[in-house]
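The values are calculated or read from the model by the stated rules, or taken from the named source; none is laboratory data. A quick note: this is a predicted structure, and the numbers were derived from the prediction, not measured. Counting neighbours? That spans all protein chains shown, and the Cβs are built from the backbone with ideal geometry, glycine included. Keep in mind that these areas ignore ligands, DNA and RNA; they rest on the heavy atoms of the full protein, side chains included. Shrake-Rupley method; radii C 1.70, N 1.55, O 1.52, S 1.80 Å.
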Amino acid sequence: MTATQDFTPQIPNQAEEVEQLHRSWRHPRGVLGWLSYTTHQAIGTRYIITAFIMLLTGGAEALLMRTQLARPNNGFLSPDRYNEIFTTHGTTMMFLFAVPMMEGMAIYLVPLMCGTRNVAFPRLNAFGYWMFLFGVLFLYWGVFTNAAPDVGWFAYPPLSGPQFTPGKRTDYWAQMITFTEVSALCVATEIIATIFKMRAPGMSLNRMPLYVWSLLIQSFMVIFAMPAVVIASSYLLSDRTVATQFVNPAEGGDPILYQHVFWFFGHPEVYIIFIPALGFVSAIVVAHARREIFGYTAMVLAQIANGFIAFGLWVHHMFATGLPQIGEAYFTASSMMIAITSGVQIFCWLATLWTGRPRLTTALHFIYGFLVIFVVGGLTGVVLASVPLDWQVHDTYFVVAHFHYVLIGGALFPLFGAFYHWFPKITGRMMDEKIGRLNFWVLFIGFNLTFFPMHIQGLMGMPRRVYTYPAEMGWGPLNFIETIGAYIIGIGGILFIANVVSSHRSGRIAGNNPWDADSLEWATASPPENYNFEYLPVATSRYPLWVDRSERAFVTGLRNDRREALVTTLMDAEPHHRYVFPASSIWPFITAIAVTIGFAGSVFNPWYIVWGSVLSGLALVGWFWPRGDSEAES
Amino acid sequence: MKRAAVPAFALSVLYGCAWHQQSALNPGGPQAAKIDTLWWSFFWLLGVIFIIVMTVLLLTLTGRRANMEREALEVTHKASPQTESQTRRIVTGATIITILILFVLIVASVGTGKAIADLGFKKNPLTIQVTGNQWWWEIQYINGDASQTLVTANEMHIPVGRPVQILGQSQDVIHSFWVPNLHGKRDLIPSRTTNEWIEADQPGAYRGQCAEFCGLQHAHMALWVIAEPEDRFDAWMRAQLQPAASPSTQETIRGQQVFLNNACVFCHQIRGTTAGGQNAPDLTHFGSRRGIAANTVPNTKGNLAGWIVDPQSMKPGNHMATIAVNSTDLQPLVDYLESLK
């Protein structure tokens with residue numbers, strides 16, 4: 001066993017201890033073993049790969065739509081097919097790509113950055129992944145059996161109600177939401193517990209990396225936002241399956257109530273996606289500008305404020321429903337406040353880059369691309385916050401342009417930056433920088449070619465969600481340019497995949513810390529072993545790898561013959577007690593199957609809720625059955 | 001980066017474009033004009049901010065940064081205290097300026113909203129009830145005198161210079177009434193009535209389109225607002241209030257028979273005949289209208305014949321029944337409907 005840790009401690013029987021660690025953290029073998037993995041690297045990687053496949057799927061759907069819209073009165077897609085595809089595209093990108101991708105990255109990185117061995121609840125983590133995967137399979141089973149949802153990713157009643165959308169399409173959609181809710185809540189719980197209780201000794205809250213802060217805030221947002229969408233999708237599902245009339249106006253229900261509840265979730269959802277991306281930006285800026293972040297406290301406070309304000313501006317999605325003027329003024333002001341907190345963060349990054357010594361790696365290219373695109377998206381967001389302007393541009397291509405600038409610019413560009421930045425850690429090899437730069441420029445140009453003209457198109461009257469448009473409207477040329485841009489983005493995606501495949505096979509060996517970065521994930525081997533660190537590190541600074549080697553410290557005295565880590569106090573991360581992780585287990589997988597039987601079956605027959613509950617209960621008995629092994633001792 | 005060219009390009013497209021009949025930036029009335037003014041003040045102010053931020057961003061890439069010494073960052077990873085305090089002043093200043101600008105924008109935005117709301121309280125308004133249906137618009141001119149109440153579809157005439165109150169309703173799902181040259185959107189929500197004031201200050205034909213996704217044929221749900229001088233509007237109104245003209249030629253008499261003897265009458269009304277259906281557009285003065293099938297295609301004899309024979313190919317999924325009209329009956333039917341001026 002070679003010393004793979006930057007915190008190279010001198011321990012007499014080190015080799016023996018590391019050998020023990022290896023044995024106790026080894027994955028079980030075989031197919032059943034593979035289904036039983038509970039390490040955060042394995043689960044995180046599964047999330048990342050599944051979500052990436054969903055990105056490709058959603059991207060392919062986008063290309064189909066762009067092909068249909070390339071010229072007026074095009075017959076490439078029928079209206080029903082087009083409506084299915086735009087609904088599936090939005091649903092896939094929001095629920096099955098963006099959120100799970102951010103969660104997967106967090107599951108992989110947070111324990112490493114916090115200097116611990118796994119997330120706090122490894123079995124719950126595995127369960128969350130299986131629920132996400134089954135949600136994916138459930139929705140796409142519908143898509144491939146000609147039951148794709150076709151009422152938009154927002155599914156406004158009464159259009160989505162049983163009267164106007166008979167059949168099972170909308171039920172597939174609404175129940176898929178339930179799968180992702182469960183998964184997201186699992187992840188949020190374990191990320192909060194990991195961050196609060198398992199940070200490296202010495203990593204007090206004010207020494208936490210900004211990326212970890214962003215995940216803490218995002219996880220709390222998930223916990224507060226998801227119940228709202230639980231309510232919305234339950235209203236809809238029960239109206240559809242057992243004829244409750246929550247949101248059916250024909251029977252005294254209120255379709256606007258659905259919109260309020262949906263957007264009370266839907267707006268924070270956007271921040272749930274892009275706050276972790278802002279964390280990527282901070283991490284990459286610090287590592288590649290080679291200086292400490294400017295304005296750490298301001299950044300943290302701005303992110304927290306972002307998280308709070310996100311819950312106070314949902315109504316700006318509903319300005320066209322007609323509001324009293326005082327309500328309009330309130331939601332205009334609250335929507336514009338987001339520009340302050342986002343502005344502070346942008347100024348701090350600019351200041352860090354300005355006073356730093358930026359090294360123009362591909363990762364930093366993506367951050368510069370992010371800053372350009374995100375600033376445009378932020379400014380058009382200010383336009384949308386204004387009620388009179390929103391009346392004109394709401395539900396037009398202007399809004400399509402805006403949120404792709406915010407979500408692709410604000411989340412996908414940082415995500416690609418993060419791929420280039422952390423790929424060496426995850427695989428042990430560097431990605432090719434030359435292809436990387438080409439990759440960046442193709443994506444950047446393709447993106448702007450696709451989405452910039454949409455601003456103009458929206459002001460010129462083209463509404464969203466139309467499967468075609470008459471030639472006399474004159475929208476043809478812009479649409480054609482956008483379709484070309486979309487295919488250029490597609491080429492960018494292929495370049496990225498090519499780079500990943502070739503670098504994974506034959507990239508330069510990365511070593512522990514190829515970027516000379518500051519945070520703890522770079523203090524161990526690339527890729528990290530299942531136990532992450534041979535000896536848990538101690539954080540003596542906000543930038544633990546930038547302090548002098550002689551001042552670094554580590555933890556000894558943990559048992560290595562079982563999966564053990566240190567629990568520390570919430571504020572100051574002082575060592576509190578030792579904690580034993582549960583062993584690998586097949587039960588999370590079995591439980592997920594039981595829950596899936598209940599969820600999926602209830603779309604067809606409400607009694608499956610009962611059968612699913614019984615089966616889940618049985619599975620949980622198995623999950624918690626005492627085994628008299630090491631975990632029971634604690 | 002070539003972004004400097006983008007605003008110039010955007011401007012030339014915005015000003016020079018040929019399609020002005022459904023544009024938020026070509027106002028035909030005071031509401032849209034106020035929003036247009038607000039848009040351009042936002043555009044210039046936010047444009048300047050964008051250019052400043054991008055300039056700073058580009059400068060971080062060059063070696064030249066005002067008053068900064070090159071510090072040994074590779075070792076310390078820290079900027080000097082002087083640099084930090086100087087930067088802090090700049091960042092604080094930028095944040096304060098951001099807050100002030102946002103405050104100005106909020107005041108401008110709320111002020112415009114108030115000014116638009118005030119435009120409604122004028123004398124002598126015209127009240128029109130717009131009802132959304134999958135996928136067409138019912139237009140009803142409300143009048144205390146029932147004999148002056150007019151129902152038509154997919155085309156609205158309004159007098160220039162007179163405020164018009166739009167009462168929005170829906171028969172089925174949520175739609176959104178949007179004629180960008182006159183005003184922004186207002187949703188049409190089942191079980192509710194929404195309210196919006198529009199006004200045209202110059203004659204013209206303004207196109208509108210449903211802006212809330214309403215199902216299969218959301219793309220083909222357009223309407224025309226024709227703004228005319230008061231006297232021409234009055235003449236139009238008088239003509240529309242008349243029952244349908246009796247057919248005068250042999251061809252059109254035959255056509256009326258075809259219409260009345262077929263399932264058409266279950267859904268369509270033609271005042272002055274026994275056709276009294278209420279589920280589909282009123283056809284009393286169909287021949288005077290610009291378009292067919294909620295303005296999916298222009299109102300020509302050829303298009304009408306195609307529409308009657310096979311409505312599902314022109315607008316797949318729409319709710320018009322396909323009625324077997326034999327070829328000898330088709331031409332008279334088309335002639336009759338087009339004669340309903």
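Would you pick out the residues in the range B:30-49 that are open to solvent by less than 30 Å² (accessible area, probe 1.4 Å) and either of a type in the set (A, V, I, L, M, F, W, C) or at the interface with chain A (Cβ under 7 Å from one of its Cβ atoms) (or both)?
B:32, B:35, B:38, B:39, B:42, B:46
Within the range B:200-219, is even one residue in a helix (DSSP H, G or I) and modelled with pLDDT of 95 or more?
yes
Quick one: is residue A:182 farther than 27 Å from residue A:116 by Cα, surrounded by fewer than 24 Cβ atoms within 10 Å (Cβ to Cβ) and away from every other protein chain (no Cβ under 13 Å)?
So residue A:182 does not fit the description; no.
Those residues that are hydrophobic (A, V, I, L, M, F, W, C) and buried (at least 16 other Cβ atoms within 10 Å of the Cβ), I need them from the range A:244-262; list them, please.
A:246, A:247, A:256, A:261, A:262
Quickly run through the range B:315-341 and pick out the residues that are open to solvent by 30 Å² or more (accessible area, probe 1.4 Å) and within 22 Å of the chain's Cα centre (by Cα).
Matches in the range B:315-341: none.
Residue check: is residue A:295 touching a residue at least 24 places away in the same chain (Cβ under 8 Å) and away from chain B (no Cβ under 14 Å)?
No.
Mind checking which residues of the range A:67-84 are part of a helix (DSSP H, G or I) and open to solvent by 20 Å² or more (accessible area, probe 1.4 Å)?
A:67, A:80, A:81
Could you pull out the residue among A:143, A:110, A:119 that is away from chain B (no Cβ under 14 Å), open to solvent by 10 Å² or more (accessible area, probe 1.4 Å), in contact (Cβ under 8 Å) with a residue 12 or more places away in the chain and β-branched (Val, Ile, Thr)?
Step by step, each of A:143, A:110, A:119 is checked, and only A:143 is away from chain B (no Cβ under 14 Å), open to solvent by 10 Å² or more (accessible area, probe 1.4 Å), in contact (Cβ under 8 Å) with a residue 12 or more places away in the chain and β-branched (Val, Ile, Thr).
Please state which of the following conditions residue A:241 fails to meet, knowing it meets all the rest: (1) more than 23 Å from the chain's Cα centre (by Cα); (2) open to solvent by 60 Å² or more (accessible area, probe 1.4 Å).
(2)
With a cut-off of at least 2 residues that are open to solvent by less than 40 Å² (accessible area, probe 1.4 Å), name the helices (runs of 4 or more DSSP H) lying wholly within the range A:517-634.
Per the criteria, A:587-602, A:608-624.
Give all pairs with beta carbons closer than 6 Å in which a residue from the range A:307-334 that is within 12 Å of another protein chain (Cβ to nearest Cβ) and under 26 Å from residue B:190 (Cβ atoms) meets a residue that is open to solvent by 30 Å² or more (accessible area, probe 1.4 Å) and part of a helix (DSSP H, G or I); count only pairs at least 6 apart in sequence or on separate chains.
A:331/A:316
With the structure loaded, tell me whether residue A:357 is touching a Gly at 6+ places or on another chain (Cβ under 6 Å), basic (Lys, Arg) and facing chain B (nearest Cβ under 10 Å) or whether it fails that test.
Judged against the criteria, residue A:357 is not a match.
Consider the range B:112-144. How many of its residues are surrounded by fewer than 22 Cβ atoms within 10 Å (Cβ to Cβ), of a type in the set (Gly, Ala, Ser) and in contact with a Gly (Cβ under 9 Å, 6 or more places away or on another chain)?
Matching residues across the range B:112-144 total 0.
Against the condition touching a residue at least 24 places away in the same chain (Cβ under 8 Å), over 20 Å from the mean Cα position of the chain (by Cα) and in a loop (DSSP other than H, G, I, E, B), how does residue A:158 come out, does it pass?
It is true that residue A:158 is touching a residue at least 24 places away in the same chain (Cβ under 8 Å), over 20 Å from the mean Cα position of the chain (by Cα) and in a loop (DSSP other than H, G, I, E, B).
Check A:477, A:453 and return the single one that is part of a helix (DSSP H, G or I) and either facing another protein chain (nearest Cβ under 9 Å) or of a type in the set (Ser, Thr, Tyr) (or both).
Selected residue: A:453, the only one of A:477, A:453 that is part of a helix (DSSP H, G or I) and either facing another protein chain (nearest Cβ under 9 Å) or of a type in the set (Ser, Thr, Tyr) (or both).
In this structure, is residue B:307 within 14 Å of another protein chain (Cβ to nearest Cβ), among the aromatic types (Phe, Trp, Tyr), open to solvent by 20 Å² or more (accessible area, probe 1.4 Å) and touching a strand residue (DSSP E or B) at 6+ places or on another chain (Cβ under 6 Å)?
So residue B:307 does not fit the description; no.
Which of the helices (runs of 4 or more DSSP H) contained wholly in the range A:320-419 include at least 1 residues that are farther than 26 Å from residue A:156 by Cα?
Per the criteria, A:325-355, A:362-385.
Residue under question is residue A:170, and the condition is that it be open to solvent by 10 Å² or more (accessible area, probe 1.4 Å) and hydroxyl-bearing (Ser, Thr, Tyr); does it hold?
In short, no.
Are any residues in the range B:184-199 open to solvent by less than 20 Å² (accessible area, probe 1.4 Å) and either at the interface with chain A (Cβ under 7 Å from one of its Cβ atoms) or not in a loop (DSSP other than H, G, I, E, B) (or both), and if so, which ones?
B:184, B:185, B:187, B:188, B:189, B:190, B:194, B:196, B:198
Checking the conditions here, which among A:133, A:159 is surrounded by fewer than 24 Cβ atoms within 10 Å (Cβ to Cβ) and either more than 27 Å from residue A:425 (Cβ to Cβ) or more than 14 Å from chain B (Cβ to nearest Cβ) (or both)?
A:133
Report yes if residue A:379 is more than 11 Å from chain B (Cβ to nearest Cβ), closer than 30 Å to residue B:210 by Cβ, open to solvent by 20 Å² or more (accessible area, probe 1.4 Å) and not aromatic (Phe, Trp, Tyr), otherwise no.
No; evaluated as a whole, the condition is false for this residue.
Quick one: count up the residues across the range A:264-286 that are in contact (Cβ under 8 Å) with a residue 60 or more places away in the chain, more than 17 Å from the chain's Cα centre (by Cα) and either surrounded by fewer than 23 Cβ atoms within 10 Å (Cβ to Cβ) or closer than 30 Å to residue A:158 by Cα (or both).
Qualifying residue count for the region: 0.
What are the residues in the range B:172-181 that are within 19 Å of residue B:138 (Cβ to Cβ) and more than 7 Å from chain A (Cβ to nearest Cβ), if any?
B:175, B:177, B:178, B:179
Looking at residue B:250, is it surrounded by fewer than 15 Cβ atoms within 10 Å (Cβ to Cβ) and either of a type in the set (Lys, Arg) or more than 14 Å from chain A (Cβ to nearest Cβ) (or both)?
So residue B:250 fits the description; yes.
Please go through (1) modelled with pLDDT of 95 or more; (2) within 14 Å of chain B (Cβ to nearest Cβ) for residue A:439 and return the number of the only condition it doesn't satisfy.
(2)
What residue, among those in the range B:50-77 that are at the interface with chain A (Cβ under 7 Å from one of its Cβ atoms) and either modelled with pLDDT of 95 or more or in a helix (DSSP H, G or I) (or both), is most open to solvent (accessible area, probe 1.4 Å)?
Per the criteria, the residue is B:74.
Scan the range B:78-100 for residues that are part of a helix (DSSP H, G or I), open to solvent by less than 40 Å² (accessible area, probe 1.4 Å) and not polar (S, T, N, Q) and jot them down.
Within the range B:78-100, B:84, B:91, B:93, B:94 meet the criteria.
Does any residue of the range B:317-334 turn out to be of a type in the set (S, T, N, Q) and under 18 Å from residue B:136 (Cα atoms)?
Yes.
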